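In what follows, a single structure is set out as structure tokens and then discussed.
The values are calculated or read from the model by the stated rules, or taken from the named source; none is laboratory data. Treat the numbers as computed from the prediction; the structure is a model and nothing was measured. No Cβ is skipped: glycine too gets one built from the backbone with ideal geometry, and neighbour counts run over all protein chains shown.
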Amino acid sequence: MEYVSTRGAAPVLDFEGVTLAGLAQDGGLYVPREWPRFSHTEITAMRGLPYARLAARVMQPFVGGCLGAERLGELCEQAYGRFAHRAVTPLVQLDERNWVLELFHGPTLAFKDVALQLLGLLFEEFLAREKSQLTIVGATSGDTGSAAIDAVANRDNVEIFMLHPAGRVSDVQRRQMTTVRAANVHNIAIEGSFDDAQAMVKRIFADETVTSRLRIGAVNSINWARLMAQVVYYFAAALQLGGPERKVAFSVPTGNFGDVFAGHVAARMGLPIEKLVVATNVNDILHRALSDGDYSAGEVTSTASPSMDIQVSSNFERLLFDVGGRDGVALAEQMRGFDLTRAMRLTEAQSQGALDLFTSVRADASDMASAMDWASRHCGQILDPHTAIGLHGAQQVDLPADVPKVTLATAHPAKFRDAVERATGFRPALPARMGHLFEREEAFETLPGTYEAVRAYILEHAA
Ligand SMILES: *Cc1c(COP(=O)(O)O)cnc(C)c1O
């Protein structure tokens, strides 16, 4: 499979190339040149497969030429063997119309593990082959950092520098990062916001003094391999609910548009999907874009669902490219305009193309709390704040009565215990597999929020 940039001016790469590159050189994001398609019969034949085998089957067309079927199968067994539930992503029924797809049974309690556990293994595999070293630099508002650190700790030929905004991630989230003691893991607390940290990471990628010395890699969802791994659970859920015979709808708590874009990919590959609901909190740029074509960034508001407190959703560019005619030159121009003014209008083709499959629902704090309360009182299910926003989206959307609605449960409620306790009166316990998180020693460096300080630290500590 060949991959092209959404901005049309970066080299075409194979799967190994895009996995190690992250962002394309022209500032765009890599997407497959064309979508592989499974027939109805091929999808039916996937019923009943264990998750790791389903994963290998769904992903094989994307890795073609870089990994054989057998090796891919081994890596999937290894990645998904670390999940605490045999089904990896179990489906739980709430009422006659609604299900939740639990994506939080991995080592760090959020859906990011599903992709990052595999990505850590892919890095190791490809770096050994190329006899090369990779320095990952990332910024996190909480969940990506812990999942990425767990995925690469003690792996060969790769090291990770993870920036988080000092004092602005939850205790559980911080400790999941800072109590991992491995020589290749560097935690940095930045005196500043998540946006400051992310801006520094983008500068590192463009800094020739750094890139001439270190090969810099990415673990956020600009990395294609992450989205690819997330396509699998759309197949898993739909197959259990009667697919491909019966169409299913998904409601997805959305920030950077990575998870829900994976649903679009599943549909392109032939999985019958009725609707994808983009569920946002009050940081609603995607809701405005989908409902009236207005993609304009405002100020970020802090909410009880911090992993969705995002104004610019990187992966939306992949959708605009795919439904807007796959014209990299035109999209590069449109995105340049957005970078200057922080606002743009979707073209008619982009809007119409997106609305074939997507719809959107915005939830404020009281919508979120009501959904959490409803699930707790009527269904005995404690949801985290992100998942509750997804459920609100599923409840609001109007669909034919025979279409099951699946809300993606993106985090374990214990990861956001304070918000859950406020809405339900119940304080969820950390699962036993987290061990003695609050007794383990922490290690991290606090740096001033300046680019120079971060850059000097990375150059000094990189292996
Ligand atoms: C990252 C994250 C999201 C948002 O996912 P995107 O792929 O960025 O849209 C939602 N919920 C939780 C708990 C997350 O960690």
Q.
Could you check the range 331-343 and list, in sequence order, the residues that are more than 24 Å from the chain's Cα centre (by Cα) and buried (at least 16 other Cβ atoms within 10 Å of the Cβ)?
A. 334
Q. With (1) out of contact with any strand residue (DSSP E or B) (no Cβ under 6 Å at 6 or more places or on another chain); (2) among the small types (Gly, Ala, Ser); (3) away from the ligand (no atom under 16 Å from the Cβ); (4) modelled with pLDDT of 95 or more as the list, and residue 64 as the residue in question, which single condition is left unmet?
A. (4)
Q. Which of the residues belonging to the range 2-28 are assigned to a loop (DSSP other than H, G, I, E, B) and surrounded by fewer than 18 Cβ atoms within 10 Å (Cβ to Cβ)?
A. 2, 8, 9, 11, 12, 14, 25, 26
Q) With respect to residue 226, is the statement that it is modelled with pLDDT of 95 or more, basic (Lys, Arg) and in a loop (DSSP other than H, G, I, E, B) true? A) no
Q.
Can you list residue pairs whose Cβ atoms sit under 6 Å apart, with the first residue in the range 131-149 being over 19 Å from residue 18 (Cβ atoms) and the second being outside any helix (DSSP H, G or I) and near the ligand (Cβ under 9 Å from one of its atoms)? Count only pairs 6 or more apart in sequence or on different chains.
A. 143/110
Q: Would you please list the contacts, defined by Cβ atoms under 6 Å and residues six or more apart or on different chains, that run from a residue in the range 192-214 that is under 30 Å from residue 301 (Cβ atoms) to a residue that is among the β-branched types (Val, Ile, Thr)?
A: 197/190; 200/454; 201/137; 204/137; 204/210; 205/216
Q) Among the residues of the range 163-194 satisfying the criterion of being of a type in the set (A, V, I, L, M, F, W, C) and not in a loop (DSSP other than H, G, I, E, B), which is nearest to residue 420 (Cα to Cα)? A) 172
Q. Would you pick out the residues in the range 244-272 that are buried (at least 21 other Cβ atoms within 10 Å of the Cβ), of a type outside the set (A, V, I, L, M) and at pLDDT 95 or above?
A. 244, 250, 251, 253, 254, 257, 258, 259, 261, 263, 264
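Quick one: would you say residue 201 is at pLDDT below 95 and crowded, with 24+ Cβ neighbours inside 10 Å?
For residue 201, the condition - at pLDDT below 95 and crowded, with 24+ Cβ neighbours inside 10 Å - is not met.
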Q) If a residue has to be within 17 Å of residue 346 (Cβ to Cβ), surrounded by 21 or more Cβ atoms within 10 Å (Cβ to Cβ) and within 13 Å of the ligand (Cβ to nearest atom) to count, how many in the range 293-316 make the cut? A) 3
Q) Within the range 257-279, can one find any residue that is of a type outside the set (Phe, Trp, Tyr), farther than 21 Å from residue 353 by Cβ and within 14 Å of the ligand (Cβ to nearest atom)? A) no
Q: Within the range 259-298, track down each residue that is within 30 Å of residue 402 (Cβ to Cβ) and in a strand (DSSP E or B).
A: 273, 274, 275, 276, 277, 278, 279, 280
